[in-house]
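Since every read-out is calculated from the coordinates, none of them should be taken as a lab result. Predicted model only: the values in this text are computed from it and were never measured. Every residue, glycine among them, receives a Cβ derived from its backbone with ideal geometry; neighbour counts consider all protein chains shown.
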Amino acid sequence: MADLVFSPYDFYDDVDSDPYPVYARLREEAPVYRNEELDFWALSRHEDVVAAVRDPRRFSSVNGPLLDASVWGPEARRALSFIAMDPPHHTRMRGLVSRAFTPRRVAELEPHIRDVARRHIEAALLKGEVDFVTDIAAKIPTDVISELVGVPEPDRAELRRLADLALHREGGGREITPEGLTALIELIGHFTDLVSDRRQKTRDDMVSALLDARVEGDRLTDEEVVAFLHLLVGAGNETTTNLLGNAVYWAWRYPDQKALAFEGRVSEWVEETLRYDTAAPTLLRTVSCDVELHGVEIPSESRILLLPGAANRDPAAFPEPDRYDMEREPGPLISFGSGPHFCLGASLARLEARVTLEEFIAQATNFDLDMSQAGRRQSPYIRGFAKLPATVVPR
């Protein structure tokens with residue numbers, strides 16, 4: 001075990017970057033792993049990750065879910081809303097924002113999502129040379145979330161650019177870049193202006209609904225709405241974009257699975273990609289008391305990195321976990337978390353991914369990827385592609 005070294009910053013520079021052999025060693029050799037240099041512990045087994053995300057009393061979110069020292073701490077909630085809170089503050093915030101994000105409202109979005117997907121896919125195929133990420137996977141969730149929130153169309157591409165910059169890390173970098181920090185400040189400014197506008201003139205959008213939301217007389221402050229919008233537009237876009245890129249990549253890698261996808265197994269395509277190559281592979285927590293796991297004592301106030309990406313390949317939870325198989329039986333995915341912090345946007349991400357892939361195979365008979373020109377996102381918090389050039393055979 002002496003040669004086992006794990007850092008989430010090691011796996012995003014190379015197109016062929018593969019953390020899964022290291023995840024396997026962590027599960028087998030060091031289920032409670034310690035990185036002294038970066039001052040964190042890590043849990044990789046499915047059972048341990050699930051137990052931790054379901055236990056906010058011992059595994060606290062108050063310092064935020066990100067490892068960077070510059071964004072870890074009690075002020076994390078100002079940019080990351082209720083994912084940087086514990087009950088009862090988390091319960092209050094989630095109860096208020098969920099009033100504007102109900103399952104019925106999400107389900108009603110399907111016809112609109114389909115229109116947006118069809119329009120962007122048609123435009124991409126007309127170009128002849130397609131980048132699946134920049135032309136399709138990034139644009140569709142950006143439009144959907146922006147319209148749901150009420151972001152004007154001329155501002156959407158810029159918001160996407162700023163959100164990307166805020167998550168970007170230079171090769172080997174362990175902190176937000178100066179450009180990323182500037183982008184974060186600009187994003188907050190955009191949302192502050194949007195909230196101020198809706199205070200003066202209510203519209204039929206999520207910002208207005210958030211400002212009107214009440215639970216037993218309680219309501220959100222402007223600062224709380226801004227933080228939630230930052231979380232929603234950033235995390236909401238990234239999750240779906242990377243899920244879509246990963247789905248296309250792995251179908252391309254395994255032609256028998258691509259054939260199943262083109263036969264219409266799209267829901268299974270989405271679910272297996274969520275498991276096999278988790279778009280959000282890391283979550284940070286802070287232990288609020290001494291915790292003992294597998295004979296290892298984790299001191300109170302330690303930072304502990306939970307690894308859904310490793311948990312979703314745990315053979316104790318998934319038979320033959322390293323096989324990409326759309327026909328496998330559904331299993332206990334941890335891709336969107338579990339317990340009180342289960343992702344509020346999970347149903348929307350799944351819907352966007354399913355509809356986009358359905359529209360893609362409706363307009364294409366086949367595709368090929370040019371991996372020599374592909375590039376991965378440079379972030380320890382998301383796993384996916386920044387560029388994914390493709391040759392598509394239209395119907």
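Looking at segment 8-394, the DSSP beta bridges with both ends there are about 90 percent antiparallel. Taking other residues whose beta carbon is less than 12 angstrom from the beta carbon of Phe336, and scoring Lys, Arg as +1 and Asp, Glu as -1, yields +1.
Taken as entire DSSP H runs, the helices of the chain that both span 18 Å or more between Cα atoms along their own long axis and average 0.0 or more on the Kyte-Doolittle scale are 222-253, 346-363. Counting only pairs 8 or more residues apart or on different chains, how many lysine pairs in the chain have their Cα atoms under 26 Å apart? Lysine pairs meeting both conditions in the chain amount to 6. Loop-resident GluC sites (Glu not before Pro) (DSSP state other than H, G, I, E or B) in segment 18-63 with no more than 13 further Cβ atoms inside 10 Å of their Cβ: Glu36, Glu37. Spin-label model, Thr91/Asp55: points 7 Å from Cα along the beta carbon direction are separated by 2.0 nm.
Neighbours of Asp131, meaning other residues whose beta-carbon lies under 10 angstrom from its beta-carbon, give a summed charge of -1 when Lys and Arg score +1 and Asp and Glu score -1. Residues Asp55, Asp39, ranked from the fewest to the most other C-beta atoms within 10 Å, line up as Asp39, Asp55. Computed with the Debye formula from one identical point scatterer per Cα of the chain, without solvent, the log10 of I(q)/I(0) at q = 0.07, 0.10, 0.13, 0.15 Å⁻¹ comes to -0.31, -0.64, -1.13, -1.50.
The eigenvalues of the Cα gyration tensor, multiplied by 5 and square-rooted, give segment 197-330 an equivalent ellipsoid with semi-axes of 36, 28, 12 Å from largest to smallest.
Size descriptors for segment 47-205 (Cα atoms only): Rg and Dmax, in that order, 18.4, 53 Å. Residues Phe228, Phe6, ranked from the fewest to the most other C-beta atoms within 10 Å, line up as Phe6, Phe228. The residues packed around Thr239, meaning those with a beta-carbon under 11 Å from its beta-carbon, carry a net charge of 0 if Lys and Arg are +1 and Asp and Glu are -1.
What is the calculated FRET efficiency for Ala157 to Thr192, with r their C-beta to C-beta distance and R₀ = 25 Å, to the nearest 0.05?
0.80
Computed with the Debye formula from one identical point scatterer per Cα of segment 1-106, without solvent, the log10 of I(q)/I(0) at q = 0.24 Å⁻¹ comes to -1.28.
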